[in-house]
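Some notes on the structure that comes next.
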Amino acid sequence: MRITRVYTRTGDRGTTRLVGNKEVPKDHIRIEAYGTVDELNAILGIVRVFNTRSDASPDAVSRIDQMLHRIQNDLFNVGSELATPPTDRWPGQYLIGDPDIDRLEGWIDTMNEDLGPLKEFILPGGGPVGAFLHQARTVCRRAERQVVRLTREEPETGNGPTRFLNRLSDHLFVLGRWAARQLGEPEVLWERSRAPT
């Protein structure tokens, strides 16, 4: 792939083209879905920057960075799949599926071994890495909701992206907890309000 010019002016009328050249409005659910996946990817880039600047052990920093680097690549695959109507898929196009989801589940299981049981909800925040991972988790859930809507309207889209985003949001939650522990960032628990007696 070679990009030689960033602006094309084709979107000045509020439309854009999908892979395969179909023109759609910029607020089409397919555009919303892969645009939100792109937003999520950008947040993970921020997490990676703050992670590399942390005082954590080189091993922990490297583990977090390797996971997020792989996930960023996976999200480009998800975005490509969502940007391509099923009728315009090409031979050999990578579709997100079981190996990618299994990888996330393996990481979740491994990190959970280092974590104690959670007895209360966690307030987003604590430190920059944890806070941005919580933001990434919420954007991931929004992307998932948009992909669910797209799949309901266009069932031929398939359920790979939905399954991946569902598992990824779980992964980002666990990674937020695990990273906080590794990086020495505080984990603030929700203080449940009590009804007056």
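The values are calculated or read from the model by the stated rules, or taken from the named source; none is laboratory data. Worth saying up front: this structure is predicted, and the values here are computed from it rather than measured. Backbone-built Cβ (ideal geometry, glycine too); neighbour counts: all protein chains shown.
Working carefully through the options T138, T157, find the one that is surrounded by fewer than 18 Cβ atoms within 10 Å (Cβ to Cβ) and on the phi < 0 side of the Ramachandran plot.
T138
Every residue, every condition in (1) within 24 Å of G35 (Cβ to Cβ); (2) β-branched (V, I, T); (3) at pLDDT below 90; (4) crowded, with 20+ Cβ neighbours inside 10 Å, yes or no:
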| position | (1), (2), (3), (4) |
| --- | --- |
| D55 | no, no, yes, no |
| A60 | no, no, yes, no |
| D65 | no, no, no, no |
| H69 | yes, no, no, no |
| A83 | yes, no, yes, yes |
| T87 | yes, yes, yes, no |
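Please work out which residue is farthest from the chain's Cα centre (by Cα), limiting yourself to the stretch 18-39 and to residues that are among the acidic types (D, E) and modelled with pLDDT under 85.
Looking at the filtered set, the residue picked out is E23.
Checking the conditions here, which among R194, R181, R145, R141 is without any contact (Cβ under 8 Å) to a residue 12 or more places away in the chain and in a helix (DSSP H, G or I)?
Answer to the selection: R145.
State all residues of the stretch 90-148 that are among the small types (G, A, S) and in contact with a Ser or Thr (Cβ under 6 Å, 6 or more places away or on another chain); if no residue qualifies, say none.
Within the stretch 90-148, just A143 meets the criteria.
Has the stretch 150-162 got any residue that is among the charged types (D, E, K, R) and either touching a Gly at 6+ places or on another chain (Cβ under 9 Å) or modelled with pLDDT of 95 or more (or both)?
For the stretch 150-162, residues among the charged types (D, E, K, R) and either touching a Gly at 6+ places or on another chain (Cβ under 9 Å) or modelled with pLDDT of 95 or more (or both): absent.
Picking from I108, I64, I71, which residue would you name as being under 28 Å from R30 (Cβ atoms), among the aliphatic types (A, V, I, L, M) and in contact with a helix residue (DSSP H, G or I) (Cβ under 8 Å, 6 or more places away or on another chain)?
I71
Yes/no per residue for (1) over 21 Å from G35 (Cβ atoms); (2) not hydrophobic (A, V, I, L, M, F, W, C):
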site	(1), (2)
R137	no, yes
V147	no, no
R152	no, yes
G176	yes, yes
L183	yes, no
V188	yes, no
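Please determine, by comparing only the residues of the stretch 161-191 that are over 27 Å from E113 (Cβ atoms) and touching an Asp or Glu at 6+ places or on another chain (Cβ under 7 Å), which one is surrounded by the fewest Cβ atoms within 10 Å (Cβ to Cβ). Steps first, please.
The initial filter retains those residues of the stretch 161-191 that are over 27 Å from E113 (Cβ atoms), namely 161-162, 191.
Okay, now just the ones that are also touching an Asp or Glu at 6+ places or on another chain (Cβ under 7 Å), so 161-162.
Values: P161: 28, T162: 21.
Per the criteria, the residue is T162.
Could you pull out every one of the helices (runs of 4 or more DSSP H) wholly within the stretch 25-120 that has 2 or more residues that are acidic (D, E), touching a strand residue (DSSP E or B) at 6+ places or on another chain (Cβ under 9 Å) and within 23 Å of V139 (Cα to Cα)?
No helices (runs of 4 or more DSSP H) qualify here.
In the stretch 89-119, what count of residues is obtained for those that are surrounded by 10 or more Cβ atoms within 10 Å (Cβ to Cβ) and over 23 Å from P155 (Cβ atoms)?
Looking only at that region, the number is 14.
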